[in-house]
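Colleague: Below is a structure I'd like to ask you about.
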Amino acid sequence: MSKLLKVFLAVFLVVSCSKKEESADAQDYNLTIISQSGEKTGFFVEEALTPQELEHGLMGRESIPARTGMFFDLHGYKNAVMWMKDTKMPLDMIFVKDNAVVWIYENAQPMSTKTIICPVEFDSVIELNAGEVKEFNIKAGDKVEHDFLKKEEGMSGPVPEEVVEEGAEVDIEEAEMPTSEE
């Protein structure tokens, strides 16, 4: 009986500690994706806001922890494209417009210079570990909550809109892309 009680207590402690760690981690999440059924999933994302941060992204990193990623603010940028040059881990890319998921590109391959072009208009991108879109059942139409997305209407992103010519097309061959030295 004593052994059974010890086993029960050990299991109870492990489960209790796990729940406490999980709730402590949840406080660190700064981005929430809300499914169409109302289920919420939290992530911690770094913000890429400046032109240098937007160019560099997650390049050079070997890995990132589960449920973490990067949030790219692309308000004010027209015809932005993504790629995986110098990114050493596969990623899922979630394209967002007006706080809603509009398109998803899963399992972008490491070190690829293939451009990833969203077929619909978007204003930000969330990069997560490859497989997390599937694991957390993230779909187009899901809502995204993040402090950055709560900014006042009419505020521009990191590049003023007047810098980008209306209707300008981006020539991918001529676009400024970061070098491996950056």
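The values are calculated or read from the model by the stated rules, or taken from the named source; none is laboratory data. Bear in mind the structure is a predicted one, so any value in this text is a computation, not a measurement. Positions of Cβ are backbone-derived with ideal geometry, glycine not excepted, and every protein chain shown enters the neighbour counts.
Colleague: Is there any pair linking a residue in region 86-103 that is over 20 Å from Arg67 (Cβ atoms) to one that is among the basic types (Lys, Arg), with Cβ under 7 Å and at least six apart or on different chains, and which?
Modeller: From residues that are over 20 Å from Arg67 (Cβ atoms), the pairs are Ala100/Lys143.
Colleague: Could you check, for region 4-18, whether at least one of its residues is of a type outside the set (A, V, I, L, M), closer than 20 Å to Cys118 by Cβ, part of a helix (DSSP H, G or I) and modelled with pLDDT under 95?
Modeller: No: zero hits.
Colleague: Tell me which residues, restricted to region 29-46, are under 16 Å from the mean Cα position of the chain (by Cα), over 11 Å from His146 (Cα atoms) and in a loop (DSSP other than H, G, I, E, B).
Modeller: Once the filter is applied, which keeps residues that are under 16 Å from the mean Cα position of the chain (by Cα), over 11 Å from His146 (Cα atoms) and in a loop (DSSP other than H, G, I, E, B), region 29-46 yields only Ser35.
Colleague: Separate question: Given the criteria in contact with an Asp or Glu (Cβ under 9 Å, 6 or more places away or on another chain) and loosely packed, with under 15 Cβ neighbours inside 10 Å, does Gly69 qualify?
Modeller: Considered against the rule, which asks whether it is in contact with an Asp or Glu (Cβ under 9 Å, 6 or more places away or on another chain) and loosely packed, with under 15 Cβ neighbours inside 10 Å, Gly69 comes out as no.
Colleague: Filter region 67-103 down to the residues that are outside any strand (DSSP E or B) and small (Gly, Ala, Ser), then identify the one that is modelled with the lowest pLDDT.
Modeller: Of everything passing the filter in region 67-103, Gly76 is modelled with the lowest pLDDT.
Colleague: Could you go through region 129-144 and let me know if any residue there is of a type in the set (A, V, I, L, M), surrounded by 13 or more Cβ atoms within 10 Å (Cβ to Cβ) and at pLDDT below 95.
Modeller: No, region 129-144 contains no residue that is of a type in the set (A, V, I, L, M), surrounded by 13 or more Cβ atoms within 10 Å (Cβ to Cβ) and at pLDDT below 95.
Colleague: Just to verify a result, which residue in region 107-126, among those that are touching a Gly at 6+ places or on another chain (Cβ under 8 Å) and not in a loop (DSSP other than H, G, I, E, B), is surrounded by the fewest Cβ atoms within 10 Å (Cβ to Cβ)?
Modeller: Asn107
Colleague: I've got another one for you. Quick check on region 47-64. Is at least one of its residues touching a residue at least 60 places away in the same chain (Cβ under 8 Å), in a strand (DSSP E or B) and of a type in the set (A, V, I, L, M, F, W, C)?
Modeller: no
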